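Before any comments, here is the structure.
None of the figures in this text is laboratory data; all of them are computed from the coordinates on show. The shown structure was predicted, so the numbers you read here are calculated from the model rather than taken from an experiment. Every residue, glycine among them, receives a Cβ derived from its backbone with ideal geometry; neighbour counts consider all protein chains shown.
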Amino acid sequence: MFSNSDDLPLMPTRRSTVLTDGPASLYHYASLDDVAPRKAPPVLLVPSMINRWYVLDLRPGSSVAEAFVKAGLDTWCLDWGIPEAHDRHFTWAEALQRLDRMLRKVRRETGKEKVVVLGYCMGATLSSIHAALNPELYAGFINLLGPIDFSESGMLGRMTDPRWFDAAAVAEAGNVSPEQMQSGFKLLRPTQDLAKLVTLIEKGTDPAFQLGYRALDTWASDNVAFPGAAYETYISELYQKNNLVNGRHHALGKRVDLKDITCPVLTIAADKDTICPPKAAVALNAVVGSAEKQVLPVPGGHVGAVVGSKASEKLYPALIEWVSKKAHASLELS
């Protein structure tokens, strides 16, 4: 139905690579006038480890990064990269250390003591742990559809129940392949492929729909493996034991207590999200030590809420306003 031309404008926001760390990269988005903004704190985007980073810069008009740059925010992004077979031993702790190096590089490059971090999906879960261990580095934290209370994780939680799911056995085989990960997500919506076909039949002749569909389908098909060691910790410690929200998770030799997060916090919850149900995300606000905390409900599912047609109308303006007001105020008071 669609042509195979090369006119699909993915990752539209101009960026440069500032740091590489193994397969990972740190990107800096160019401001419109090529001069980094001086007043607002820098913003680091942290995507999930198992999906490609450019869901946060998908296409023109459907891009968190583009919206931030147009608003004059100094925007950076962590690309976790594509793990190779030898990365099977890459641990959860090493992921946190990589995030720490990237954030500290942003601080050095900008001269700012604190950074606003926007974590998406698992990127928010990792960032919440890092923020609890390093609260002095955060001007603000945005949890964009990231699970915190895994007792509220819905079907994914039931699928990974330790009574019938052995994360160690899965990880023993090496990196968890994209096909393995996606098969689990498809079980959340077994009729999704049929629904997509029906939608294509109904809207496939609309050029605007074609462009959006092709961009999202390209990203959704561009998955990467989950390093086996990190996967085992993520499933066993968080999904199966729910140690994070209960204060029993340990990382880098320390107990992670989310009440140690004291910066302004904004949690985004999508009403149709089956990967991170709203209760799993908003639990963060009940346990952090922050005086400034807010929940923003948005329409859509786990991906559609971020890149769908309504994102530019509600989500992006709300994010920009929050960063500009709450986090900037926090930075001035520090």
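Using only the Cα atoms of the range 15-333, build the gyration tensor, take square roots of its eigenvalues as a ≥ b ≥ c, and label the shape rounded, prolate or oblate: rounded if a/c is under 1.5, else prolate if a/b is larger than b/c, else oblate. Rounded shape, in that the Cα axes give a/c under 1.5. Of all DSSP beta bridges confined to the range 15-333, the antiparallel ones make up roughly 40%. Measuring against 26 Å, Cα to Cα, the residue pairs 114/279; 241/314; 70/105; 70/259; 241/279 contain 114/279; 241/314; 70/259 as the ones spanning a longer distance. Ranking 76, 211, 24 by Cα position along the charge dipole of the range 15-333, where only Lys, Arg, Asp and Glu carry charges on their C-beta atoms, puts 76 farthest toward the positive end. Sparsely packed loop sites in the range 55-153 (the GluC sites (Glu not before Pro) outside DSSP H, G, I, E and B with at most 14 other Cβ atoms within 10 Å) comprise 84, 113.
Using only side-chain charges placed at the Cβ, +1 for Lys and Arg and -1 for Asp and Glu, the dipole size of the range 15-333 relative to its Cα centre rounds to 520 debye.
Relative to one another, the C-alpha centroids of the range 110-165 and the range 211-276 are positioned 5 Å apart.
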